[in-house]
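Scroll down for the structure; my scribbles are underneath it.
The values are calculated or read from the model by the stated rules, or taken from the named source; none is laboratory data. Just so it is clear, the structure is predicted and the values come from calculations on it, not from any experiment. With ideal geometry, Cβ positions are generated from the backbone for all residues, glycine too; neighbour counts draw on all protein chains shown. Areas reflect the complete protein model, heavy atoms only, side chains present, ligands, DNA and RNA absent. Shrake-Rupley method; radii C 1.70, N 1.55, O 1.52, S 1.80 Å.
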Amino acid sequence: MKIAVAGATGAVGQQMIMCLEERLPDAEVKALASLRSAGKVLEFKKKYVVEELTEHSFDDVDYVLGATENPITAQWAPLAVKAGAVVIDNSSLYRLDEDVPLVIPEINPEDIRTHHGIISNPNCATIIALVAVNALHRRWHVERMIVSTYQAVSGAGLQGIRDLENQIKDPSIPSVAFPHPIAYNLIPQIGGFDAEGYSSEERKMQNEGRKIWHHEKLLVNCTCVRVPTMRSHCESITLQFRDRPDLEEARELLKKAEGVVYADAPSEHLYPTPLMTSDQDLVYVGRLREDISDPLKHSLVLFCSGDQIRKGAATNTVQILERLLAEK
Ligand SMILES: NC(=O)c1ccc[n+]([C@@H]2O[C@H](COP(=O)([O-])OP(=O)(O)OC[C@H]3O[C@@H](n4cnc5c(N)ncnc54)[C@H](OP(=O)(O)O)[C@@H]3O)[C@@H](O)[C@H]2O)c1
């Protein structure tokens, strides 16, 4: 089995290679990136010489894991499909296309079967939120989510990490990945804004959540904020359910939920934090409580954190690949 990683030198691409080494160690992996990186050696458990991504890169490849920005993906993904490879893509380019499944393996693995050559990996903040709350949704049915995110700089790729590292040493160095300094700061903007004042990142959770849960009426009000942490996005989430939830049962559901660690003992200072969850594949959930502002008592509040380069991108992609291989 030969797997190409497109964008192998980036934050997600490098993590994909590490995840493949961990989970599918026998796979032959081809590292593709721009001409700038051709010949560069990536070293993890094994060494990989980076090749320039060209129209011939996919001739001998079974699967392509995509980790490039939308305009670059638009150039290579159709070529990969034409060459007979299956693409699992991390950009947002195809996520809402009708014939492209959008998959979180813990939630909608059956959707993988409907692919026509491309499967999309959801937005990282969406994956972390939906894994965190899926067991509660299955029990009481989420009608509305109010979300505030605290998103790490690595969500903006390697340049986001460089900006924070530079500015910690010298705050006068300007940001390249962000519209403001990020060290000793936070920025309530991720992506461009639309006419209603929402950023592109804020729209993703509602649009993608509806598709993943097959829940057309899901309502999401999201505020996305970039914060000066290196990796692992955190989210404060208020869930309004159709049915009245029970707090004690919610705790028990979260203890058993797939992909979740229930870390919730606030009096002992136990709740999810970015450092606790970095470089892990599980989403941590804590601070679970009733929403005291809801007189109908149909709402719960929680805080979650998950490594968005791993579970929000690379791990989720490799899990999709594992499901594809299992069904072959
Ligand atoms: N970072 C996250 O947490 C995260 C989470 C979920 C989804 N995503 C999505 O995943 C994708 C990758 O994000 P990232 O954070 O890994 O970005 P990144 O660190 O900036 O990496 C970008 C990658 O794209 C490659 N690339 C650029 N131009 C290219 C070209 N012309 N041909 C081939 N490769 C080219 C780069 O190669 P060079 O080194 O040669 O320039 C690099 O490997 C994006 O669509 C992003 O939205 C990111």
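What to note about this one:
- Within the stretch 117-139, residues that are on the phi > 0 side of the Ramachandran plot sit with their Cβ atoms under 7 Å from residues that are open to solvent by less than 10 Å² (accessible area, probe 1.4 Å), at 6+ positions apart or across chains, in these pairs: Gly117/Val87.
- Contact map, the stretch 25-44: residues that are more than 8 Å from the ligand (Cβ to nearest atom) paired with residues that are open to solvent by 100 Å² or more (accessible area, probe 1.4 Å), Cβ distance under 9 Å, separation 6+ or inter-chain. Pairs shown: Pro25/Lys45; Ala31/Lys40; Val41/Lys47.
- Residue within the stretch 150-165 that is buried (at least 21 other Cβ atoms within 10 Å of the Cβ) and closer than 22 Å to Leu288 by Cα present: yes
- Cβ-Cβ distances below 6 Å connect the following pairs, each with a first residue in the stretch 211-240 that is assigned to a strand (DSSP E or B), a second residue that is open to solvent by 60 Å² or more (accessible area, probe 1.4 Å) and of a type in the set (A, V, I, L, M, F, W, C), and a separation of six or more residues or different chains: Asn221/Ile146; Val225/Leu186; Thr238/Ile146.
- Taking (1) over 30 Å from Arg162 (Cβ atoms); (2) surrounded by fewer than 19 Cβ atoms within 10 Å (Cβ to Cβ) in turn, Gly259 satisfies each apart from (2).
- Qualifying positions in the stretch 85-102 - out of contact with any Phe, Trp or Tyr (no Cβ under 6 Å at 6 or more places or on another chain) and away from the ligand (no atom under 14 Å from the Cβ): Leu96, Asp97, Glu98, Asp99, Pro101
- Check on Arg231, within 16 Å of the chain's Cα centre (by Cα), open to solvent by 20 Å² or more (accessible area, probe 1.4 Å) and more than 30 Å from Asp99 (Cβ to Cβ): yes
- Test: residue in the stretch 69-79 that is within 24 Å of Gly155 (Cα to Cα) and in a loop (DSSP other than H, G, I, E, B): yes
- Counted residues, the stretch 112-138 - those being more than 23 Å from Leu253 (Cβ to Cβ), open to solvent by 20 Å² or more (accessible area, probe 1.4 Å) and part of a helix (DSSP H, G or I): 3
- Qualifying residues in the stretch 1-20 (those that are more than 9 Å from the ligand (Cβ to nearest atom) and open to solvent by 20 Å² or more (accessible area, probe 1.4 Å)) - the one nearest to Asn90 (Cα to Cα): Met18
- All conditions but one from (1) farther than 26 Å from Leu282 by Cα; (2) within 16 Å of the ligand (Cβ to nearest atom); (3) among the basic types (Lys, Arg) apply to Lys82; the one that does not is (2).
- Residue among Glu69, Glu55, Glu22 that is in contact with a helix residue (DSSP H, G or I) (Cβ under 6 Å, 6 or more places away or on another chain) and assigned by TED's automatic domain parsing to the domain that holds His116: Glu55
- Test: Leu96 is within 21 Å of the chain's Cα centre (by Cα), touching a residue at least 12 places away in the same chain (Cβ under 8 Å) and open to solvent by 40 Å² or more (accessible area, probe 1.4 Å): yes
- Among strands (runs of 3 or more DSSP E) entirely within the stretch 241-307, having at least 1 residues that are under 15 Å from Val142 (Cβ atoms) and not basic (Lys, Arg) singles out 283-290, 299-306.
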